[in-house]
Amino acid sequence: MEEALKSIGNVLYGGIRPEIPGHGGDECANYLTPKQMIGETLLTSTIMVVAGTLAWRTLTMPKTFPRHEDLLSKRALLAALCLLFGIEIGYKICNRSALYLLNPCHIITVIEIWLLASKPGKFSFSLLRYKMLMSISALSYNIYPNVCWPTLVYSIFFHHSCSCCLTKLTHDFFNKHAIMMVLILIHYVYGAMVAMLLPDTLARQFPGQIIMYWVQHVAIFFVVPPYLIWLWGPSTLEPFKEWSWACFAGILFGVQHHYIMQPIALLTHVNLNYLLCPALMDPFAGPYYRLWAVFHQTACLLLLGKIYTLFLRLIIAVVSLILPARQLQLEPTSSNNNKHD
């Protein structure tokens, strides 16, 4: 059992190099005291509870959503995104740094795969019917067989162990809140822009790994969300004066960081998304850098989410001038009009 745990730990974070500034290690893990971390977590949690309570009162859903369209372009984009993410998984396995898959941009990628695989109902989990996500990373073995041989073992294991149960879930098992996911994603995806403005590629040593970093972030920010809004219609976007979904995106962001990533970072001494110590380029580096992050990241999430919404509306308007207008067949979201139930 002990050997098995060591092997799993080796795959998850054995290749993460603490000598690279901001990547982890004992010095990074001891940057803040436990007392300060607990205090910051409690403060952030209080803010999230208050924001969530206020946002819930004004939360609205679109009155209609379009019927499902199984377009070839949608399938192609889904396959391409699965390919990109599969190769990225392969790199993480080969680097022995799979723990970094918890970082927000990879979570965004998974959400976008869900949405591309889903029908535009209220939530979608029909990604489960696509076995490609688990097996496509074998392509990275074919590209770099002498470097990434563990990827083949990984993909074969997941393909054979998961394909049977995934095949049984081909009927859009959880199909009730896809629109909710889009509304949250619009604000959550700002993290991809931050990653492009402040890239951290020091640990990417394999051939093509830095290129894959940029391709993935461009895809999840500039390609997939505009396509989804074009596919489902601009009415999917929240009104400009409404901030409820931005608040829920911030709460999701906070829960992911403080209650999922932070405990794992403390146990492994891996600086997941700079929760243990500040990034090398962080202008707010210091003992209170995380409190600064709460405020400036909240501001970025709220403001950039609205700017991104305007950007998406502009893109759709430009595309509608070039391509013929799409005739959307609409269905009501629920019997309760547009109020969230």
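For LYS6, LYS35, the sequence from fewest to most other C-beta atoms within 10 Å is LYS35, LYS6. Projected label points at LEU303 and SER45, each 7 Å from Cα along the beta carbon direction, are separated by 3.0 nanometres.
Gain on full extension, evaluated as 0.36 nm per residue between ILE322 and THR58 minus their Cα-Cα distance, stands at 91.4 nm. Using the Karplus relation 6.51 cos²θ - 1.76 cosθ + 1.60 with θ = phi - 60°, the per-residue 3J(HN,Hα) values for region 82-88 come to 4, 4, 4, 5, x, 5, 5 Hz, with x marking Gly and Pro. When the chain is fully extended, how far beyond the present Cα-Cα distance does LEU310 get from LEU197, taking 0.36 nm per residue of separation? Result for the pair: 38.7 nm of gain on full extension.
Placing pseudo-labels 7 Å out from each Cα toward the beta carbon at PHE206 and ALA79 gives an inter-label distance of 2.3 nm.
FYI, it's all coordinate maths here, none of it is from the lab. Keep in mind it's a predicted model, so treat the numbers as computed, not measured. Backbone-built Cβ (ideal geometry, glycine too); neighbour counts: all protein chains shown.
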